[in-house]
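Structure first, then comments.
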Amino acid sequence: MTGYAVATSESAAGTLTIEIKSVNSRFLDLQFRINDDLRALEPDLRSAIMAAITRGKVELRLSFGRKAATAGSQALNLPLLTELQRLQAEVSGHFPAALTMSVAELLRWPGVIEEAQIGQESLQADVAALTARTVQAFVVSRQREGAALEAMLTSRIEAMEVIVKRITPLIPQVVAAFQQKAVERMQDALGLACQGSNSALSRQDALERIRQEVILYGIRIDVAEELGRLSAHLTETRHILKKGGQVGKRLDFMMQELNREANTLGAKASVKELADASMELKLLIEQMREQVQNLE
């Protein structure tokens with residue numbers, strides 16, 4: 001599911017900002033955008049996200065804006081200056097004509113000027129507190145979308161239940177009508193065949209064979225069992241949605257089962273009403289499947 005949250009906190013050393021956003025994904029994909037000096041905190045951030053969600057392509061940005069330097073807040077990195085002096089002397093030994101570094105160049109050298117040390121434990125505690133607040137807001141935003149998705153899925157379930165309710169009474173009529181027409185046609189065909197041959201097949205035997213064939217085919221086109229399973233699957237899908245929690249994988253499975261029954265209904269359809277109902281059901285199921293993949 002999609003979601004977004006951002007939070008900021010002020011500390012003695014500067015401003016911390018955490019931004020979390022996600023887009024739909026069947027799996028959990030975490031990406032972090034963190035200042036280099038805070039990179040060591042990534043494992044804690046990852047754990048906080050993974051404890052809260054299980055699906056989505058999530059991007060977390062953590063930035064730290066230090067406060068402007070004040071008198072006494074900066075100092076020279078003497079060990080680094082000593083090392084630069086040693087290296088410069090070594091280079092001069094090989095290249096006597098090489099120019100030495102100016103004071104301005106030394107001061108611009110990365111790490112020569114040190115900011116006042118920030119307590120790592122204090123900073124880590126500040127980031128942890130801000131992360132918890134941001135993740136909570138992020139989860140709430142995803143829950144709002146989840147509620148909207150639940151409403152959409154429920155509406156599709158209701159639409160499918162209406163279709164099943166509409167076509168269920170048609171099944172006995174369809175089977176009976178087919179059997180009647182089939183009997184008449186086969187009687188005509190067998191009557192013509194018997195007139196043109198010396199077959200010893202009696203009328204009673206012919207009628208019995210017709211009856212058996214028609215019953216068997218009637219069983220093959222009877223979709224009452226499929227409609228019963230469809231109704232049961234829809235009831236279970238509704239139950240899963242109401243129960244809540246991590247429902248994504250269970251709903252994925254239910255979509256497979258619903259689609260299986262809708263396909264069988266279409267394959268067995270002997271009248272236009274059933275074929276149209278199968279197409280309507282498959283369209284609704286596909287709409288649900290696209291959204292189910294975004295749920296936790």
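What follows draws every value from the coordinates through simple rules; no lab data is involved. Here the structure is a predicted model, which means the values were calculated and not measured. Every residue, glycine as well, gets a Cβ built from its backbone with ideal geometry; the counts of neighbours run over all protein chains shown.
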* Structure fact -> Checked segment 75-114 with the C-alpha gyration tensor, a ≥ b ≥ c its square-rooted eigenvalues, rounded below a/c of 1.5, otherwise prolate if a/b is larger than b/c and oblate if not; verdict oblate
* Asked: Can you list the residues, at least 5 places off or on another chain, whose amide H is less than 5 Å from the amide H of T168, using H built in the peptide plane?
  -> none
* Ranked packing of 97-108, 150-161, most packed first, by mean Cβ within 10 Å -> 150-161, 97-108
* Structure fact -> With a Förster distance of 41 angstrom and the Cβ-Cβ distance between A147 and L170, calculated FRET efficiency to the nearest 0.05 equals 0.70
* Set the Förster distance to 51 Å, then compute FRET efficiency between N263 and L87 from the Cβ-Cβ distance, nearest 0.05. => 0.10
* For D29, distant residues with modelled amide H under 5 Å away -> G56, K57, V58
* Structure fact -> Going residue by residue through segment 153-158, the Karplus relation 6.51 cos²θ - 1.76 cosθ + 1.60 with θ = phi - 60° gives ³J(HN,Hα) values, rounded to whole Hz and with x marking Gly or Pro, of 5, 4, 5, 5, 4, 4
* Structure fact -> Under 5 Å from the placed amide H of I34, counting only residues 5+ away or on other chains, we find L62
* Asked: Residue-wise, which Karplus ³J(HN,Hα) couplings in Hz belong to segment 236-241, taking 6.51 cos²θ - 1.76 cosθ + 1.60, θ = phi - 60°, and x for glycine or proline?
  -> 5, 4, 4, 5, 4, 4
* Structure fact -> Over 21 Å (Cα to Cα) among K165/K268; K21/K282; K243/K282 -> K21/K282; K243/K282
